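A.B. asks: Here it is: the structure, laid out below.
The values are calculated or read from the model by the stated rules, or taken from the named source; none is laboratory data. None of the values given here were measured: they were computed from a predicted structure. Reconstructed Cβ throughout: ideal geometry from the backbone, glycine too, with neighbour counts over all protein chains shown.
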Amino acid sequence: MESTKTKILKLLRSEKGYLSGQELCEKLGVSRTAVWKYMKQLKEEGYQIQAVQNKGYCLVDVPDVLGESEIKSRLTTKWAGKEVYFQEETDSTNTQAKKLAEEGAVSGTLVVADCQKKGKGRRGRVWESPKGSSVYMTLLMRPDILPQRASMLTLVMGLSVAQAVQKILDSEKCTQKVQIKWPNDVVLNRKKLVGILTEMSAQIDYIEYLVIGVGINVNTGEFPEELQDKATSLQAELGHSVNRAELIAQIMKRFEDNYAIFEKTQDLSGLLEEYEAVSANCQQPVKVLEPGKEYTGIARGINKMGELLVEREDHRIEQVYAGEVSVRGLYSYV
């Protein structure tokens, strides 16, 4: 259920001019004193709200703040982000989402934090998670699919993030194109922008729950020296900050739409064309690091099960289900 603060933000955003205090009272079912208190609270949080006698309230500027009400007021989805849990600081949004899942949280629950103390990347790596600059979020799902198909949802999320970021770049008339490095990175200007980590609890034939964690370098100003040639942020590429809550809302919308396509066939056949159009791997020299073996080849796209197709020197096609894959020229493979 939406809070009064969420409803006020939605109403202020939908109004091009001023919204009278009387209108707000009637739509929210609260007193004028209550409206005034909420406006005061929003101003303290950084929202620029003009109050003019006999005209009402107008939202002039929105700061890049994250919070439950700010995120919820921007969501237009049916189930993705159905419940939002926001924390200023947490260990890891994936860890928190798994705890909520064990406690019975509904599918579509979104966990967001402004800072992570123990952010997780693939294979136990640490994800740098400073405060006030990036997006750290995890979507909890209880999908009715077989466990062996769960890894495809990493690709669905990767495509959704890439589409949402590209929309921002296009609106800024930025010529940069977002790419996806299979299976779990989103790349901009040949540097890592986004990391995705999917974890699940499952039995042999069904998934109890699944969490998809997304870390995005949004307004990161500087990176440690060892990451400067490997990582980038939207602020670094655009030259100004980006509203994180709006980006989250756009990603949830794209994911909900893409998941509906995936759900019909429970594979990626309906998304293949869009995925390969933004693939950083496709037709590129790659190095595959699988447990016990390493080889190079040319990536020929993915199949409908989300496996990377790699053509080896003897023209055999390998179907890579999991493992490290480096793309020549992308932050690690020279």
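A.B. asks: Please go through segment 268-293 and give me each residue that is out of contact with any strand residue (DSSP E or B) (no Cβ under 9 Å at 6 or more places or on another chain), part of a loop (DSSP other than H, G, I, E, B) and closer than 18 Å to I180 by Cα, ordered by number.
C.D. replies: The answer is S269, G270, L271.
A.B. asks: Give me the pairs, please: first residue somewhere in segment 275-293 and under 12 Å from V327 (Cα atoms), second residue anywhere and acidic (D, E), beta-carbon distance under 9 Å, and either six or more positions apart or on two chains.
C.D. replies: A280/D185; C282/E276; K287/E294; K287/E324; V288/E294; V288/E318; V288/E324; L289/E324
A.B. asks: Checking the structure you have, find out if any residue of segment 263-273 is modelled with pLDDT of 95 or more, buried (at least 20 other Cβ atoms within 10 Å of the Cβ) and aliphatic (A, V, I, L, M).
C.D. replies: yes
A.B. asks: Any residue that is crowded, with 23+ Cβ neighbours inside 10 Å and within 22 Å of Y321 (Cβ to Cβ) - is there at least one of those in segment 203-210?
C.D. replies: yes
A.B. asks: Considering only segment 48-83, state which residues are in contact with a Phe, Trp or Tyr (Cβ under 7 Å, 6 or more places away or on another chain), at pLDDT below 95 and part of a loop (DSSP other than H, G, I, E, B).
C.D. replies: Within segment 48-83, K55, V62, P63, L66, G67 qualify.
A.B. asks: Residues in segment 11-21: is at least one in a helix (DSSP H, G or I), touching a helix residue (DSSP H, G or I) at 6+ places or on another chain (Cβ under 6 Å) and modelled with pLDDT under 95?
C.D. replies: Checked against the condition, which is being in a helix (DSSP H, G or I), touching a helix residue (DSSP H, G or I) at 6+ places or on another chain (Cβ under 6 Å) and modelled with pLDDT under 95, segment 11-21 yields at least one hit.
A.B. asks: From (1) at pLDDT below 85; (2) surrounded by 15 or more Cβ atoms within 10 Å (Cβ to Cβ); (3) not hydrophobic (A, V, I, L, M, F, W, C), pick out the condition that doesn't hold for P291.
C.D. replies: Among (1) at pLDDT below 85; (2) surrounded by 15 or more Cβ atoms within 10 Å (Cβ to Cβ); (3) not hydrophobic (A, V, I, L, M, F, W, C), P291 violates only (2).
A.B. asks: Working only within segment 28-46, note down all residues that are part of a loop (DSSP other than H, G, I, E, B) and touching a residue at least 24 places away in the same chain (Cβ under 8 Å).
C.D. replies: V30, the sole residue that qualifies.
A.B. asks: Could you go through segment 254-263 and let me know if any residue there is aliphatic (A, V, I, L, M) and in contact with a strand residue (DSSP E or B) (Cβ under 7 Å, 6 or more places away or on another chain).
C.D. replies: For segment 254-263, residues aliphatic (A, V, I, L, M) and in contact with a strand residue (DSSP E or B) (Cβ under 7 Å, 6 or more places away or on another chain): absent.
A.B. asks: Do you know which residues across segment 212-259 are farther than 30 Å from L271 by Cα and touching a helix residue (DSSP H, G or I) at 6+ places or on another chain (Cβ under 8 Å)?
C.D. replies: Once the filter is applied, which keeps residues that are farther than 30 Å from L271 by Cα and touching a helix residue (DSSP H, G or I) at 6+ places or on another chain (Cβ under 8 Å), segment 212-259 yields T220, G221, S241.
A.B. asks: How many residues does segment 165-183 contain that are crowded, with 23+ Cβ neighbours inside 10 Å and part of a helix (DSSP H, G or I)?
C.D. replies: Total meeting the criteria: 1.
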